[in-house]
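Single-structure report; data block below.
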Amino acid sequence: MTERVVVDPITRIEGHLRIEAQMNGSTIEQAYSAGTMVRGIEIILRGRDPRDAWAYAQRICGVCTLVHGMASIRSVEDALKYSIPHNAQLIRNLMIAAQYVHDHVMHFYHLHALDWVDVVSALKADPKATSELAQTVSPHWPNASTGYFADQQAKLKKFVDAGQLGIFAKAYWGHPAYKLPPEANLMAVSHYLEALQWQRDVVKLHTIFGGKNPHPNFVVGGVPCAIDLNSDSAINAKRLAQVQDIIQKMRTFVDQVYVPDTLAIAGFYKDWFKQGEGLGNFMTYGDFPEKSLYEPESCLIPRGVILNRDLSRIYPVDLNADDQIQEFVAHSWYSYSGGQTQGLHPYQGETELNYTGPQPPYTQLEVDKAYSWLKSPRWQGKAVEVGPLARMLMLYAGNYPQAKELVDSSLKTLDLPIDALYSTMGRTAARTLETKIIADKMQGWFDSLIANIKAGDTKTFNETLWEPASWPSQAQGVGFMEAPRGALAHWIVIEHGKIANYQAVVPSTWNAGPRDVNNQAGAYEASLQGHVLHDPKQPVEILRTIHSFDPCIACAVHVTDPEGEELVKVQVR
């Protein structure tokens, strides 16, 4: 049996992911990514009212709250050619943007930073030196005194002395791959704890416009919140003032903590700007429209594909063309009626479960056969990466001024070339920089909303196509968006007012999917090739690169016990 390093489950992600790394000495020769959860939301949605689909689809995941609901209502609106009011578009932009800022900050501090920050090392830090470092990195952030960091260090010491590291337990503390000095570790751990407090305030934007978080409410044809400045039960002046305050808190934390911390940490890990890219192909669907989502020129994030790192040419993406986007199942635990070698466009997509893998518990995957519950999406037969790096490259290639300035200034600060973006740390930095762009844009969208209200425009819902009697007997559409983790789209086929077929192709399917019929590796798999592991029993190197994608594998949930026996079965009548 070939020697492999197996990491199962990958922790600090949403969902269940297994990585197997086939070794050649200490170097990863090939990697295999296996989603160990079955996807079945498409089956549940068949036969349902399209106007209700968002409420089911949004529960695909609890971390990616909002995004599946948004893609779902957009798919119905596209199928019915259903336009929405300008205010609704602005509110949707604000809600999606809030998800980005919240999600990216949480990912950096609570999921990914621990790959770079040695928490236990922070106990050796000098609080005075930490204060001086913090004031150098971010001179305007108020929590930077010697006493503040001494208090944070004392709090951490109580955890360690009591043997109750909790969320910091079972990590690879002391691993030689950690390079930050103790003072930088103490600063980062302190900001980790601050971010926990910060997130409680910023999620309130979703509750104001969508009623709750997670899983805010939506409606086909607009947004479910009325605007009436004189009503206690609508979006009034007080609630709008709260939104303004939330936007300011987001921008302040991003500017004064998140961006400086990213650059500070990246400066100690320049070697990680030279590994972890993988494919060299990148794709975006586009999002954040000023007018209509289906007018690409009005979107902040453009649509397109970059191949082989060539930023001089952007290839167009057609989400409706049969030969552009297809899903393959040659190495997936699904079956296609036309055979395992064909690729299907999502309009014709099939979700037929077909587990053929080894009976658990098992030591290794049978990678020459099917080995994942994720399908393998391809654009014109090519594997592509989606997500923050793809978006920042697309903005950079399109000469978006703020993207150019942020990328160029960050690379100058770190004394790195543009090719450094194509890497594990480049992916992490791209996420931070796009957060800055989107947080800043929120103010403009909010200002436009206020201007509309002052001009007497308070419309948030278009009722004209709400009743199924107004629909054609057959329709199909695609709802797409740029979710925090990348290009997301839901394809819907409607027949006689009911859902006949529904397929969701999510960002982590693009990135985490297994090899296809031509044995092409997916983004995760390709990005790990060539990594050198210092200690196979503590593979922090694998975690760094996989976490740089911010995996979210929860396309659906299938519950089994350790022997593989089914615990929960959902029957759809």
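Only the coordinates and a few stated rules stand behind these numbers; no lab work does. These numbers come from a predicted model, not from an experiment. When we count neighbours, we look across all protein chains shown, and the Cβ atoms used for this are built from the backbone with ideal geometry, even at glycine.
Counted by Cβ distance under 10 Å from residue 299, the other residues give a net charge of -3, where Lys and Arg count +1 and Asp and Glu count -1. Considering only 401, 344, 325, the residue lying farthest towards the positive end of the dipole of segment 314-428 is 401, judged by Cα position with unit charges set on Cβ.
Each residue of segment 170-181 was assigned a 3J(HN,Hα) from its phi angle through the Karplus curve 6.51 cos²θ - 1.76 cosθ + 1.60 (θ = phi - 60°); the sequence is 6, 9, 9, 4, x, 4, x, 6, 7, 10, 5, x Hz, with glycine and proline shown as x.
Here the Kirkwood formula puts the hydrodynamic radius of segment 262-308 at 13.3 Å, using every distinct Cα pair. Electrostatic tally near residue 113: other residues with Cβ closer than 15 Å to its Cβ, Lys and Arg +1, Asp and Glu -1, net -1. If you plug each phi of segment 327-336 into the Karplus form 6.51 cos²θ - 1.76 cosθ + 1.60 with θ = phi - 60°, what whole-Hz ³J(HN,Hα) values come out, in order, with x for Gly and Pro? Once θ is set to phi - 60°, the couplings for segment 327-336 become 10, 10, 10, 4, 10, 10, 8, 9, 10, 10 Hz. When you filter the trypsin sites (Lys or Arg not before Pro) in segment 72-113 for DSSP loop state and at most 12 other Cβ atoms inside 10 Å of their Cβ, you are left with 81. Centre-to-centre separation between the Cα atoms of segment 436-500 and those of segment 65-98: 2 Å. log₁₀ I(q)/I(0) of segment 495-542 at q = 0.22, 0.33 Å⁻¹, via Debye over equal Cα point scatterers, no solvent, to two decimals? Debye intensities relative to I(0), on a log10 scale: -0.87, -1.13. When the pairs 249/412; 158/274; 204/441; 369/537; 204/436; 249/274 are compared against a 30 Å limit on Cα-Cα distance, 158/274; 249/274 fall above it.
Computed on the Cα atoms alone, the convex hull of segment 249-372 gives a volume of 241 cubic angstrom per residue. Spherically averaged projected area of the convex hull of Cα atoms, segment 461-546: 9.2 nm². Both radii are taken from the alpha-carbon atoms of segment 288-343; with Rh as the Kirkwood radius, Rg/Rh is 1.13. What you get for the chain, charging only the Cβ of Lys and Arg (+1) and of Asp and Glu (-1), is a dipole of about 740 debye around the Cα centre. Excluding same-chain neighbours fewer than eight residues apart, the aspartates and glutamates reachable from residue 124 by a Cα-Cα span under 15 Å are 151, 161, 183. Among the GluC sites (Glu not before Pro) found in segment 428-534, those both in a DSSP coil and sparsely packed, with 13 or fewer other Cβ atoms within 10 Å of their Cβ, are 463. Under 5 Å between amide hydrogens, built in the peptide plane, is the criterion, and for residue 281 it picks out 308, 385 among residues at least 5 positions away or on other chains.
Taking every DSSP helix (H) stretch of at least 4 residues in the chain, weighting each as -39,500 (n - 2.57) and dividing the sum by the residue count yields a mean residue ellipticity at 222 nm of -11000 deg cm²/dmol. The trypsin sites (Lys or Arg not before Pro) of segment 209-255 that meet both conditions, a loop assignment by DSSP and at most 13 other Cβ atoms within 10 Å of the site Cβ, are 212. Each residue of segment 380-395 was assigned a 3J(HN,Hα) from its phi angle through the Karplus expression (A = 6.51, B = -1.76, C = 1.60, θ = phi - 60°), giving 6, x, 9, 6, 9, 9, 10, x, x, 5, 4, 5, 5, 5, 5, 5 Hz with x at Gly and Pro. Close amide H pairs (under 5 Å, H built 1.01 Å from N) link residue 287 with 300, 301, residues at least 5 positions away or on another chain.
Once the C-beta distance of residue 179 and residue 537 is scaled by a Förster radius of 22 Å, the resulting FRET efficiency is 0.65 to the nearest 0.05. The Cα trace of segment 325-409 gives Rg and Dmax of 18.4, 54 Å, the first to one decimal, the second as a whole number. Seen from residue 534, the other residues with C-beta closer than 15 Å to its C-beta sum to a net charge of -2, counting Lys and Arg as +1 and Asp and Glu as -1.
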